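One structure is given here, and the rest of the page talks about it.
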Amino acid sequence: MDFPQQLEACVKQANQALSRFIAPLPFQNTPVVETMQYGALLGGKR
């Protein structure tokens, strides 16, 4: 596995972990949780 493939696998794994953390939070349709999802799950930070 070369570096770009390994990086993509790590990004996918991190996004899945973040999704699992955010999913059970109460009040899913509140601005705070929506902002957390937007900030955490969109690319460009890693």
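Couple of notes before you dig in:
- Counting 0.36 nm for each residue step from Gln28 to Val11 and taking away their Cα separation leaves a gain of 3.8 nm.
- Identified option (computed Cα extents along the principal axes in Å; candidates (1) 33, 26, 15; (2) 45, 16, 10; (3) 41, 19, 9): (3)
- Chymotrypsin sites (Phe, Trp or Tyr not before Pro) lying in DSSP loop within the chain, provided at most 14 other Cβ fall within 10 Å: Phe27
- Degrees separating the helix 3-22 axis from the principal Cα axis of the chain, which is the longest one: 20 degrees
All of the numbers you see were taken from the coordinates with simple rules; none came from a lab. Keep in mind it's a predicted model, so treat the numbers as computed, not measured. Counting neighbours? That spans all protein chains shown, and the Cβs are built from the backbone with ideal geometry, glycine included.
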